[in-house]
Amino acid sequence: MVAAPQSPATAKLEVRDLAINYGTKQAVSDISLTIRENEIFGIIGPANAGKTSFLKAINRMEDFDTNMSVAGQILFDGVDTRQVRNVYGLRRRIGVVFPLPVGLPMTVYDNVALAPRLAGVRNKAELNVIVERCLHRAALWDEVKDRLNALGSLLSGGQQQRLTIARALSQEPDLLMLDEFSIAIDPVTTMRIEDVLKELRQEMTIILVTNLVQQARRIADRTAFFLEGSCVEIAPTEDLFTGEVSDQRTRDYVEGRFG
Amino acid sequence: MFASSELNQRNRNRERVFRVLFGTMTALLVLPVIIILVTLVVKGGPVISVEFLFGNPTNGMTAGGIFPALLGTVWLVLVALLASVPLGVAAAIYLSEYAADNWFTRAINLAIINLAGVPSIVHALFGLGAFVVFFGLGTSILAASLTLAIMTLPVVIVATREALQAVPQSFREACWNMGATRWQTIHRVVLPNAITGVLTGVILEVSRTAGETAPIMFTGAAFFLPFLPQSVFDQTMALSLHLFVVSTQVPGMPEQLPFGVALVLIGIVLIMNSLSIALRMYLRGKKKW
Ligand SMILES: Nc1ncnc2c1ncn2[C@@H]1O[C@H](COP(=O)(O)OP(=O)(O)OP(=O)(O)O)[C@@H](O)[C@H]1O
Ligand SMILES: [Mg+2]
């Protein structure tokens, strides 16, 4: 297969005619878009817009759910993810954080060391470095550094959410997908994580699904507006907020006049 | 503000009635167990002695000890466990973690549950045909243990599968999302959290295995043997069969002796069960969510 010639050299992810169904119910239809390398790509939109489903399709989570089916193409670095043989290798390059945090029933340390261990890192010193770095980046280090051996599943909700962020980062992913990562996190800590994300842009591509329109405005380079399973509009984030948009529905949504 | 209305009063009366009702039922259930245990201890207790536990039967089994039967039961249970636990756990892991949820898997699951209801005499005949005759193991500990293993496999599979399915799906998905393979997920997340449930299955199995008579009667347990088994290819005596024999087959048996045998049999089951319960409690103390 030849990558489409018109796609820019820096495309990290290319989505073509994506449609997602749960059973017979269509959740996403006809989404085509390109996400560039090293950008923060925001996705906003009301409930049931298909934002979470979109992320799930990228990580091929339909493999876990016989009810979910995906049509169309998602090219990751030019390779069709549906055709990838080594789906484990693919998922290792993609870090995901979902809104309901899942602290695995093991210690905080083991939670963050799991991905490197799965990838074959055995060296204790090396693991220590990774764990500390990821917990720092997820703004959790100061709170847990004295209890790395406590159970991850017993942390508070907000801490578990940051733990899942640390865990996603521990994969050293090319692509980081965050789905409403801040719902259980206080505003100050959220800002700290946002700053980290802006720095991480040097190393990876980030997709940020958020219900907080202002969060997209603060850190996303470009933002897409999803509505009822379709992508209504994609634009440089600032344009969405300064009225430089072509679609009335987008304007209504970002200005909070939706309903 | 907290004055009780008529409705309130009625609900509280009803509450009392149900509490007493259910309590009585429970007591009625527990009562026979207590009566059995007390009878055994009172009548069988005096028989128990070092000589009884570690001696050979003498005088046509009307005197002496029960050591060959005691040892035989331990052998049978251990060999049966060695066969059925790895097999059963592997099958349960396959059914719960790998097999697609389709009509075929569901049919297999149904078959397993039904298998648990097959009478033990049927298993006995199967064991006789398959292990003793077809595989040429003869009547031996191995043949008897394998028969017991086949008989208890469904229990182990069902208990293990349920333990695996009690581990939240979200744990698996979190792990898969990081690029873990099925096996990595099972080995790092699912099994460590299901181990207590697996042990429950094993406990059930031990109790059942030690007490079974029919399946071993045709396949490896002997009426009376003057020597101890040297390997798994020998026949052996067993407590359950011995109990049957001394209770019904031997004239002139002292009245107390069968009670002593029964007490030892129950004692063995209790000891084996307490070991696994202790292990289970230890592991549950480390349970992580
Ligand atoms: N596992 C599932 N099974 C069946 N239907 C689902 C499943 N997940 C999502 N859906 C349906 O797909 C549609 C899109 O849901 P999705 O979770 O992608 O929306 P979302 O934009 O993430 O919404 P929110 O902002 O509430 O998180 C919804 O109508 C939802 O009911
Ligand atoms: Mg969502």
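With every protein chain left in place, what is the accessible area per residue of the range B:6-47 in square angstrom, probe 1.4 Å?
Computed with neighbouring chains in place, this is 86 Å² per residue.
Could you name every residue in the range A:48-73 that has 40 Å² or more less accessible surface in the full protein assembly than in its own chain alone (probe 1.4 Å, ligands and nucleic acids excluded)?
A:Phe64
On a full-extension model of 0.36 nm per residue, what is the gain between A:Lys124 and A:Asn149, subtracting their alpha-carbon distance, rounded to one decimal in nm?
7.5 nm
Select from B:Val41, B:Leu29, B:Gln9 the residue farthest towards the positive end of the dipole of the range B:6-47; place +1 on Cβ of Lys and Arg, -1 on Cβ of Asp and Glu, and compute about the Cα centre.
B:Gln9
Bin width 10 Å, alpha-carbon pairs only: give the P(r) of the range B:78-162 as whole percents, running from 0 to the bin holding the largest distance.
In order of increasing distance, the bins hold 19, 44, 29, 8, 0 percent.
Among B:Leu239, B:Leu153, B:Leu31, which one shows the biggest mean-square fluctuation in a GNM of chain B, springs joining Cα atoms closer than 10 Å?
Maximum fluctuation in the GNM of chain B, among the listed residues, is at B:Leu31.
Could you tell me the total accessible area buried at the A-B interface, probe 1.4 Å, in square angstrom to the nearest hundred? Present the calculation step by step, with values, prior to reporting the outcome.
Working: alone 12070 and 16100 Å², together 26300 Å².
By this definition, chains A and B bury close to 1900 Å².
With the Cα gyration tensor of chain A in hand, convert its eigenvalues to equivalent ellipsoid semi-axes via √(5λ) and list them largest first in whole Å.
30, 22, 17
Nearest 10 degrees is fine. How inclined is helix B:257-285 to the longest principal axis of chain B, computing both from alpha carbons?
Approximately 30 degrees, to the nearest 10.
Dipole of the protein assembly as shown (Lys/Arg Cβ +1, Asp/Glu Cβ -1, origin at the Cα centre): which of A:Gly157, B:Gly64, A:Phe76 lies farthest to the positive side?
Farthest towards the positive end: B:Gly64.
Beyond 22 Å, what percent of the Cα pairs of the range B:197-286 remain?
41 percent
Report the rotationally averaged projected area of the range A:72-225 based on its alpha-carbon convex hull, in square nanometres.
About 9.8 nm², averaged over all directions.
Looking at the range A:23-98, I'd like the Rg to Rh ratio, where Rg is from alpha-carbon atoms and Rh is Kirkwood's inverse mean 1/r.
On the way: Rg = 12.7 Å, Rh = 13.7 Å.
That ratio equals 0.93.
Using just the Cα positions, wrap the range A:100-172 in a convex hull and report its mean projected area in square nanometres, one decimal place.
4.2 nm²
What is the log10 of I(q)/I(0) for the protein assembly as shown, computed with the Debye formula using one identical point scatterer on each Cα and no solvent, at q = 0.08, 0.11 Å⁻¹?
With no solvent term, the Cα-only Debye profile gives -0.74, -1.00.
If I compute solvent accessible area with a 1.4 Å probe over the protein chains, what percent of it on the protein assembly as shown is carbon and sulfur?
C and S atoms contribute 61 percent here.
Projected area of the range B:50-285, taken from the Cα convex hull and averaged over every viewing direction, in nm²? Could the numbers behind the result be given before it?
Working: hull surface 59.1 nm².
Computing the convex hull of the Cα atoms and averaging its projections yields 14.8 nm².
So with the 1.4 Å probe, I'd like the accessible area per residue for the range B:50-285, rounded to whole Å².
44 Å²
Taking only the alpha carbons of the range A:1-132, what extent do you get along each of the three principal axes, in Å, biggest first?
46, 34, 29 Å, listed from the longest principal axis down.
Taking the Cα centre of the protein assembly as shown as origin and charging only Cβ (+1 Lys, Arg; -1 Asp, Glu), how large is the dipole, in debye to the nearest 20?
Details: 47 positive and 45 negative charges, 222 e Å.
Dipole of the protein assembly as shown, to the nearest 20 debye: 1060 debye.
What Kirkwood radius, in Å to one decimal, follows from the Cα pairs of the range A:144-259?
Details: mean 1/r = 0.0632 Å⁻¹.
Result for the range A:144-259 stands at 15.8 Å.
Kirkwood Rh over alpha-carbon pairs of the range B:6-47, then Stokes-Einstein at 4 °C and 1.567 mPa s: what D in µm² s⁻¹, rounded to an integer?
D, rounded to a whole number, is 102 µm²/s.
Could you let me know the centre-to-centre spacing of the range A:240-259 and the range B:197-227, using Cα atoms, in angstrom?
When both Cα centres are located, 74 Å separates them.
Can you tell me the orientation of helix B:103-115 relative to chain B, as the angle in degrees between its alpha-carbon axis and the longest Cα principal axis, to the nearest 10?
40 degrees
What number comes out for accessible area per residue over the range A:100-172 if the probe is 1.4 Å? Units Å², please.
Per residue, the range A:100-172 has an accessible area of 39 Å².
At most 13 other Cβ atoms within 10 Å plus a DSSP loop assignment makes a site exposed; report the longest stretch of chain A without any exposed GluC sites (Glu not before Pro).
Segment A:1-202 is the longest.
Looking at the protein assembly as shown, what % of its DSSP beta bridges pair antiparallel, to the nearest 5? Could you put the intermediate results ahead of the total?
Details: 27 of 45 bridges.
Rounded to the nearest five, the antiparallel share is 60 percent.
The values are calculated or read from the model by the stated rules, or taken from the named source; none is laboratory data. Just so it is clear, the structure is predicted and the values come from calculations on it, not from any experiment. Here the Cβ is made from the backbone with ideal geometry for all residues, glycine too, and neighbour counts use every protein chain on show. The accessibility values were calculated without ligands, DNA or RNA, using every heavy atom of the protein model including side chains. Shrake-Rupley method; radii C 1.70, N 1.55, O 1.52, S 1.80 Å.
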